């Protein structure tokens, strides 16, 4: 399988390998804990969608431990393995890919 952006080959390989990216931790907290959770999770790259934080870290126990130490009890903590569609979107969005496609 190959991923081509703006006529440039970005990545190629077996489907199983293209889908392999770092695991991430999905954390859902109550509305009252959003602000403090954001501060506690700032040690890792993360993205918030409402009361859900997607944390670029592979170990849910680490993330949960930081939250509990800071007084936050998450509603849920789930470790996710991104699928092939997630990897495709990661490869085809963002400035780095556009730079590659432009030959930079």
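Just so you know, all these numbers are worked out from the coordinates, no wet-lab data involved. Keep in mind the model is a prediction, meaning the values are calculated, not measured. Note that each Cβ is placed from the backbone with ideal geometry, even for glycine, and that neighbours are counted across all protein chains shown.
A simple spin-label model places the labels of residue 47 and residue 23 2.0 nm from each other, with each point 7 Å out along Cα-to-Cβ.
Counting every C-alpha pair in region 22-81, the share spaced more than 18 angstrom apart comes to 17%.
Between residue 4 and residue 32, the C-beta separation translates, for a Förster distance of 41 Å, into a calculated FRET efficiency of about 0.35.
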